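The structure under discussion appears below in the form of structure tokens.
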Amino acid sequence: MTDVLAWATFGVCLALTGIRIPSALRGENRMMFVLFALISLDILLSLEVPYEFLDGLMGGFNVCNLLLRFLLYGTFLLMGIKVARAFGSRGGERAVRGPWGIAVLAITAVLTAVLFFSMDTSGSTVGLEDLDPEPALDLYSAFGRAYPGYVSACLVPGIWRSVRSSGPALLRAASGMLLAGLALLIVSQVFPLIPDSNAWLRPLINYSAALASALGLGGIWLSKTIARRTVRAIPSDQR
Amino acid sequence: MSLPSKAFQHWLHGIAPNTSTADVCRSSGVKRTTLAQQLVRGKVAESSLVSISRAFDVNPFDALAHFEAYAALRGTPVPPTDAELVSQVSTMDMLRAVVDRSEHPDGLRTLDLAGTPHPSSVRNWVDAIDDGDLRHRVSDAVGIAPQNFSAYLTSNRLPPELALATSREAGVGPAGGLVASGLVTEAEAGWPSGARLDALNRLSDGELALLAGERLQAFGKSLRRQEHELDRTQRIWDNLA
């Protein structure tokens, strides 16, 4: 079940990346292409088969997971800046790329790396699931969730204002979808409180968050495309 | 509020005894599926009744009065107040009137008013009959939240039920809200032709200028709101699409 959701999420992200290729070639908003490509890569590295293959190439001690963490931090830094700017949230933008935001990112990144190298991580295992449980591993996972959660928390108020305003319906729906995805990332901070008997909830929340955010960003693109077509259609109707 | 199916069908039989529903829909422009659905649900929309009445040369205002919920429309028609009449003059016509008067101070006025309703007719009508507390009284009487009532004014819509309740609470004739919301025209509501223009001409120059100024102010505010909204949308698209 989780596998299906994971692959579906990957498929959606890959499709959204593909859709952006023509506009990226034209030089329009290349950062969004990069962002979608990054999200797709993040999801690819969370899938068991590609993860174990790539990690095997890199020495089989899960350095691929560390790479994934850094890619995720980069993804969220980029998305945070773009989304905060898009929704006109000055406070949000400052919180992500201002001195505070950069400090949070730097501390998270350094501690993630230190914790990773302090552990015995031999034996490729996606999500480090089969490593021996130890406090350092819990902390490492917590840092991996913390930065995305931090960025999400910075973005939520700005997006909420837009969802409540009176823009085009599809744009508001897509913004709502993005908002739901980010809200799930904030919820994911409580993963340690989820009992192991309900462990399936964690990947469900993670992939739902990724899928909702990707669909939200894709929907925003779609709403613009539709609005443009409608505007173009009016003069030809009146002719 | 809507009209019960049974009473509606009885009324329809009265005005078009030998006409099939399909023909009724064809001549009135009401979508067949829409009317069928409304009949099944037992709630026929007033707008359907109005379209059908017009198609069969029946005055929609009188047709509405057939139904129990619109009993208020029966009896001697109550003429609209001057304030109501002026509220149904569009902002652009009002500004034209200002210019017209300054160019023809001797009173040769040749203004041709646009038909009802105009883009802010609902809010202007409610403002014209509001004694300061009307919105709350209507909200209480109908059982809706005051902000929902305001939302109707902003979107320039007013369900017939609310229109009737508003005129009842304000103590004016029952037709004004139906005209302002565009359900019926001023002629259908029995307003004499030229009544709006006469009411407009009865305003003193000062009254007219002040009223036009208020309207222009409100118009500017709503334009600014739209522009602001457009800017926001555009910024999202520029950054994320």
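None of the figures in this text is laboratory data; all of them are computed from the coordinates on show. Small disclaimer: the values here were computed from a predicted structure and weren't measured. Cβ atoms come from the backbone with ideal geometry, glycine included; neighbour counts cover every protein chain shown.
Roughly speaking, what is the stretch gain from B:Asp127 to B:Thr76, that is 0.36 nm per residue apart minus the C-alpha to C-alpha distance, in nm to one decimal?
Using 0.36 nm per residue and subtracting the Cα-Cα distance, I get 15.8 nm.
Assuming R0 = 60 Å, what is the FRET efficiency of B:Thr154 and A:Asp130, from their Cβ-Cβ distance, to the nearest 0.05?
0.55
How high is the relative contact order of chain B, in percent, counting Cα pairs under 8 Å that sit 6 or more residues apart?
It comes to 20 percent, rounded to a whole number.
Can you give me the long-range amide H partners of B:Lys43? Hydrogens built in the peptide plane at 1.01 Å from N, cutoff under 5 Å, separation of 5 or more residues or another chain.
B:Ser5
Would you please name the trypsin sites (Lys or Arg not before Pro) within the stretch B:110-215 that are DSSP coil residues with at most 15 other C-beta atoms within 10 Å of their C-beta?
B:Arg157
Determine the gain in length on full extension of the stretch B:Glu68-B:Asp231; use 0.36 nm per residue of separation and subtract their C-alpha separation, reporting nm with one decimal.
Between B:Glu68 and B:Asp231, full extension yields 53.9 nm more.
Run down the lysines and flag those whose C-alpha is under 19 Å from the C-alpha of A:Lys224, throwing out any fewer than 8 positions away in its chain.
List returned: A:Lys82.
Taking neighbour Cβ counts within 10 Å as the exposure measure, how do B:Arg232, B:Arg26 sort from fewest upward?
So the residues, fewest neighbours to most, are B:Arg26, B:Arg232.
For a quick check, take a GNM of chain A with Cα springs below 10 Å and name the residue from A:Gly216, A:Gly149, A:Gly88 with the largest mean-square fluctuation.
Comparing A:Gly216, A:Gly149, A:Gly88 in the GNM, the peak value goes to A:Gly88.
If a paramagnetic tag sat 7 Å from the Cα of A:Asp120 along the Cα-Cβ line, which residues of the stretch A:43-85 would have the backbone N under 18 Å from that point?
In the stretch A:43-85, the label zone of A:Asp120 (backbone N under 18 Å from the point 7 Å along Cα→Cβ) covers A:60-63.
Any chance you could check the Cα centroid distance between the stretch A:134-179 and the stretch B:195-241 for me, in angstrom?
Using only Cα atoms, the two centres lie 37 Å from each other.
For B:Met92, A:Met79, A:Met58, which order do you get if you count the other beta carbons within 10 Å of each Cβ and list the fewest first?
Lowest count first: A:Met58, B:Met92, A:Met79.
Extending each Cα 7 Å along its Cβ direction at A:Leu54 and B:Glu161, get the distance between those two points in nm, one decimal.
5.8
Where the centroid of each part is defined by its Cα atoms, how far is the stretch A:1-25 from the stretch B:78-157 in Å?
Going from one Cα centre to the other spans 53 Å.
With a cap of 15 neighbouring Cβ atoms within 10 Å, and only residues DSSP puts in a loop, list the trypsin sites (Lys or Arg not before Pro) found in the stretch A:18-88.
Filter output for the stretch A:18-88: A:Arg26.
Within 10 Å of each Cβ in B:227-239, how many Cβ atoms from other chains are there, averaged over the peptide?
Mean number of neighbouring Cβ atoms from other chains: 6.
Name the lysines eligible as straight-distance cross-link partners of B:Lys6: C-alpha to C-alpha under 21 Å, and not fewer than 8 places from it in the same chain.
Of all the lysines, those that pass the test against B:Lys6 - Cα under 21 Å, at least 8 places apart if same chain - are B:Lys31, B:Lys43.
Only helical DSSP H runs with n ≥ 4 go in: add -39500 (n - 2.57) per run for chain A, normalise by residue count and round the 222 nm mean residue ellipticity to 500 deg cm²/dmol.
-27000 deg cm²/dmol
Anyone know which of A:Val187, A:Val151, A:Val96 comes out most mobile in the 10 Å Cα GNM of chain A?
A:Val187
Provide the FRET efficiency to the nearest 0.05 for the A:Arg232-B:Leu223 pair, computing r from the beta carbons and using R0 = 30 Å.
Plugging the Cβ-Cβ distance into 1/(1 + (r/R0)^6) gives 0.80.
With an 8 Å cut-off on Cα pairs and a minimum separation of 6 or more residues, tell me the relative contact order of chain A in percent.
For chain A, the relative contact order is 20 percent.
Given a 10 angstrom Cα cut-off, can you work out which residue in A:Leu185, A:Leu137, A:Leu201 is the most mobile in a GNM of chain A?
Comparing A:Leu185, A:Leu137, A:Leu201 in a Gaussian network model of chain A, the most mobile one is A:Leu201.
Fewest first, what order do A:Thr9, A:Thr121 take by the number of other Cβ atoms within 10 Å?
Ascending Cβ contact count within 10 Å gives the list A:Thr121, A:Thr9.
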